[in-house]
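The values are calculated or read from the model by the stated rules, or taken from the named source; none is laboratory data. Note that the coordinates shown come from a computational prediction; the quantities given were computed from them, not determined experimentally. No Cβ is skipped: glycine too gets one built from the backbone with ideal geometry, and neighbour counts run over all protein chains shown. In case anyone asks, the SASA skips ligands and DNA or RNA and just uses the protein heavy atoms, side chains included. Shrake-Rupley method; radii C 1.70, N 1.55, O 1.52, S 1.80 Å.
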Amino acid sequence: FVTNLTISGSINSYDFMAMRNMMPLLRYLDLSEATIVGNEHEHYTGYHTEDNKFPGYGLYGCKLFSLTLPKNITTIGAYALVGNINLSEVTFFEGLTSIDYRAFSNCDALTSIELPTGLKTIGYYSFDDCNNLLSVSLPDGLELINNYAFQSCNKLANINFPEGLTSIGYQAFNGCHAL
């Protein structure tokens with residue numbers, strides 16, 4: 001029956017498995033003071049935690065409304081939050097350098113995203129099918145927006161391209177009809 005959860009201290013694969021599989025009512029999650037540590041136990045087939053990396057499939061398919069990411073992560077793994085259709089608020093911190101494949105795909109309730117300073121790479125399909133995404137704030141120093149990164153964000157109407165951006169991948173904004 002947990003709906004709000006704040007975690008401080010170390011968390012690993014076991015914790016992600018418990019949040020994803022045993023807390024179906026979890027809506028508000030604050031991990032800002034948590035430290036993700038490596039653990040070889042698989043929390044999802046083929047996936048386990050690594051130090052300072054938000055794990056692939058970590059909160060796949062949950063029903064979060066709000067997520068505050070850990071302050072010390074450098075990467076958000078593949079499929080980390082895919083399918084969180086109610087997720088409307090994500091807080092990022094400086095130090096994040098990459099967002100991997102499909103990390104936020106199908107997060108339909110996202111309306112705006114402010115990505116942090118230090119981010120270098122937005123991976124393939126990272127925000128694909130975020131159908132209500134209206135605006136994205138990209139940080140200075142961003143180097144790469146990969147193929148299909150914002151594909152089918154059909155309401156995306158406002159995006160800034162920062163200095164230093166060196167590559168926008170194939171069809172990165174395909175289907176973004178409001179741009």
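So the values come out like this:
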{"item": "Average projection area in nm² (convex hull over Cα atoms of the chain, one quarter of hull surface)", "result": "8.7"}
{"item": "Given charges at Cβ of Lys, Arg, Asp, Glu: region 101-179 dipole, positive-most of 173, 117, 141", "result": "173"}
{"item": "Residue 49 long-range amide H proximity, modeled H, under 5 Å", "result": "13, 39, 43"}
{"item": "Stretchable slack from residue 143 to residue 155, in nm (0.36 nm times residue separation minus alpha-carbon distance)", "result": "1.9 nm"}
{"item": "23 Å Cα-Cα reach of residue 63 towards lysines, excluding residues that sit fewer than 8 places from it in its own chain", "result": "53, 71, 155"}
{"item": "Gyration tensor over alpha-carbon atoms, region 18-102, equivalent ellipsoid semi-axes in Å", "result": "17, 16, 12"}
{"item": "Per residue accessible area in Å² of region 1-141, where ligands, DNA and RNA are left out and the probe is 1.4 Å", "result": "43"}
{"item": "The chain, dipole about Cα centre (Lys/Arg Cβ +1, Asp/Glu Cβ -1), debye to the nearest 20", "result": "380"}
{"item": "Residue-averaged 222 nm ellipticity for the chain, from DSSP H runs of 4+ at -39500 (n - 2.57), nearest 500", "result": "-1500 deg cm²/dmol"}
{"item": "Carbon/sulfur fraction of accessible area - region 1-148, other protein chains in place, 1.4 Å, %", "result": "48"}
